[in-house]
Amino acid sequence: MKVLGIETSCDETGVAVYDTDLGLRAHALYSQIALHAQYGGVVPELASRDHVRKLLPLVRQTLAESGMTVDEIDGVAYTAGPGLVGALLVGAGVARSLAWALDVPAVAVHHMEGHLLAPLIEDDPQGRPQPPFVALLVSGGHTQLVAVDAIGRYRLLGETLDDAAGEAFDKTAKLMGLPYPGGPQLAALAEQGRPGTYRFPRPMTNRPGLDFSFSGLKTQVLLAWRDSEQSDEARADIARGFEDAVVDTLAIKCERALDEAGCETLVVAGGVGANKRLRAKLADMAQRRGGRVCFPRPAFCTDNGAMIAFAGALRLLAGQHEDAAVRVTPRWDM
Ligand code: KG4
Ligand code: ZN
């Protein structure tokens, strides 16, 4: 089965073709970052318009790269939520129309399920991870620990009570004067920072439970930055202190979640999963425990069409698809 996947939940237009026999055939991504940078964040109306402009050309490009014609598509998967309603509607409208015109099923995919399954898209030297496993989902909008008992059977173990980890990266970057989206830039800056020069709290690690809270860290960074000489060196040292605090906190809670779920496989997904120090820290932890941690390649940590094509293919294989209505769910629990 060959499935076209469409992602338009926020500020990236992602398209991919996943073949259940041959794996990922092609994928393409258009990022709107340059468009939104001047506003310091995503402007929903501009995001929708840019998806309208880019989506069909990207579908054509992806099909051409896959060496397939549109008639060979057996199903269309699209992100139906959570996300920006206008942006979601662009993807849903195009996906449904294509499916109708081609007389193939269309399937609505939950964006976070897409992220969660991203580590399973491609072969791994140790084989693709099989449930049961624990998933750490760390994006700009979510921070969740999920027990995956089977594909499609998810139990929420813990989540953030305020900011998501990616949001904390972005806001912290902004308050130290880095341009939007600051997360990856803050991480790059932290590479030059000296560890231990600034030490920030590891929120909610000194009490039981698997929830997170990252909004207080921002204030701590703001105070440290205000009291510093505000040099490039101080910015890098603070970035390092902040990154270490977030990474340690996530690692402590992941280890706790593995204990609680009684399994030794952790998969990590979402934009913050691209963070090098987080990847290294979790790999160390897995090695120490004799377990395993799996990450998608960095390009499939952040938003992309491949994860939607893949999650949709699994749902279509399981016989699921929707009626012909164009519906989206901007707020949607997994
Ligand atoms: O999954 P994603 O592309 O979009 C959402 O669904 O939110 O995640 C984007 C988030 C942003 O907050 C971005 O700053 C963060 O992931 N991010 C990173 C890194 N790369 C992306 N945060 C820390 N280190 C990185 N290397
Ligand atoms: Zn995402």
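The values are calculated or read from the model by the stated rules, or taken from the named source; none is laboratory data. Everything quoted here is computed from the prediction, not taken from an experiment. All Cβ positions, even for glycine, are placed from backbone atoms using ideal geometry, and neighbour counts span all protein chains on display. Please note that ligands, DNA and RNA were not included when accessible areas were found on the heavy atoms of the full protein model with its side chains. Shrake-Rupley method; radii C 1.70, N 1.55, O 1.52, S 1.80 Å.
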When residues of the range 76-92 are limited to those that are surrounded by fewer than 24 Cβ atoms within 10 Å (Cβ to Cβ) and of a type outside the set (Val, Ile, Thr), the one nearest to ligand 2 (Cβ to nearest atom): 82
Take the residues in the range 283-315 that are surrounded by 24 or more Cβ atoms within 10 Å (Cβ to Cβ) and among the aliphatic types (A, V, I, L, M); name whichever of them is nearest to ligand 2 (Cβ to nearest atom). 307
Can you name the residue in the range 123-149 that is touching a Leu at 6+ places or on another chain (Cβ under 7 Å) and modelled with pLDDT under 95 and, of all such residues, is surrounded by the most Cβ atoms within 10 Å (Cβ to Cβ)? 129
For residue 237, are the conditions met, namely being at pLDDT 95 or above, acidic (Asp, Glu) and open to solvent by 50 Å² or more (accessible area, probe 1.4 Å)? no
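Condition check ((1) within 16 Å of ligand 1 (Cβ to nearest atom); (2) part of a loop (DSSP other than H, G, I, E, B); (3) touching a Phe, Trp or Tyr at 6+ places or on another chain (Cβ under 7 Å); (4) touching a residue at least 60 places away in the same chain (Cβ under 8 Å)) across all residues:
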{"residue": "104", "(1), (2), (3), (4)": "no, yes, no, no"}
{"residue": "108", "(1), (2), (3), (4)": "no, no, yes, yes"}
{"residue": "112", "(1), (2), (3), (4)": "yes, no, no, yes"}
{"residue": "116", "(1), (2), (3), (4)": "yes, no, no, yes"}
{"residue": "124", "(1), (2), (3), (4)": "no, yes, no, yes"}
{"residue": "146", "(1), (2), (3), (4)": "yes, no, yes, yes"}
{"residue": "149", "(1), (2), (3), (4)": "no, no, no, no"}
{"residue": "154", "(1), (2), (3), (4)": "no, no, no, yes"}
Give the range 197-207 a look and list any residue that's more than 16 Å from ligand 1 (Cβ to nearest atom) and touching a residue at least 24 places away in the same chain (Cβ under 8 Å), or say none. 197, 198, 199, 201, 202, 203, 204, 205
Please give the strands (runs of 3 or more DSSP E) falling wholly within the range 1-82 in which 1 or more residues are at positive phi. 23-31, 75-81
Just to be sure before I move on: is residue 95 in contact (Cβ under 8 Å) with a residue 12 or more places away in the chain, in a helix (DSSP H, G or I), crowded, with 24+ Cβ neighbours inside 10 Å and touching a Cys at 6+ places or on another chain (Cβ under 9 Å) in the structure I sent? no
Among the residues of the range 320-333, the number that are open to solvent by 60 Å² or more (accessible area, probe 1.4 Å) and closer than 28 Å to residue 62 by Cα is 7
Note down all Cβ pairs under 7 Å where the first residue falls in the range 64-85 and is among the acidic types (Asp, Glu), the second is in a loop (DSSP other than H, G, I, E, B), and they're at least six residues apart or on different chains. 74/1; 74/104
Identify all residues within the range 275-334 that are out of contact with any helix residue (DSSP H, G or I) (no Cβ under 6 Å at 6 or more places or on another chain), farther than 30 Å from residue 66 by Cβ and part of a loop (DSSP other than H, G, I, E, B); write none if there are none. 290, 291, 331, 333
From 92, 64, 47, 28, grab the single residue that is touching a helix residue (DSSP H, G or I) at 6+ places or on another chain (Cβ under 9 Å) and either under 30 Å from residue 318 (Cβ atoms) or among the acidic types (Asp, Glu) (or both). 28
Restricting the range 150-186 to residues that are open to solvent by 30 Å² or more (accessible area, probe 1.4 Å) and aromatic (Phe, Trp, Tyr), which is farthest from residue 31 (Cα to Cα)? 154
Unmet requirement for residue 109, which otherwise passes all of (1) under 22 Å from residue 60 (Cα atoms); (2) open to solvent by 10 Å² or more (accessible area, probe 1.4 Å); (3) within 16 Å of ligand 2 (Cβ to nearest atom): (2)
Only one residue in 134, 138 is touching a residue at least 40 places away in the same chain (Cβ under 8 Å), of a type outside the set (Ser, Thr, Tyr) and away from ligand 2 (no atom under 14 Å from the Cβ), so which one is that? 134
Subset of the range 1-39, residues within 15 Å of ligand 1 (Cβ to nearest atom), open to solvent by 50 Å² or more (accessible area, probe 1.4 Å) and over 17 Å from residue 90 (Cβ atoms), comes to 27, 33
Residue check, residue 275 in contact (Cβ under 8 Å) with a residue 60 or more places away in the chain, polar (S, T, N, Q) and within 17 Å of residue 88 (Cβ to Cβ): no
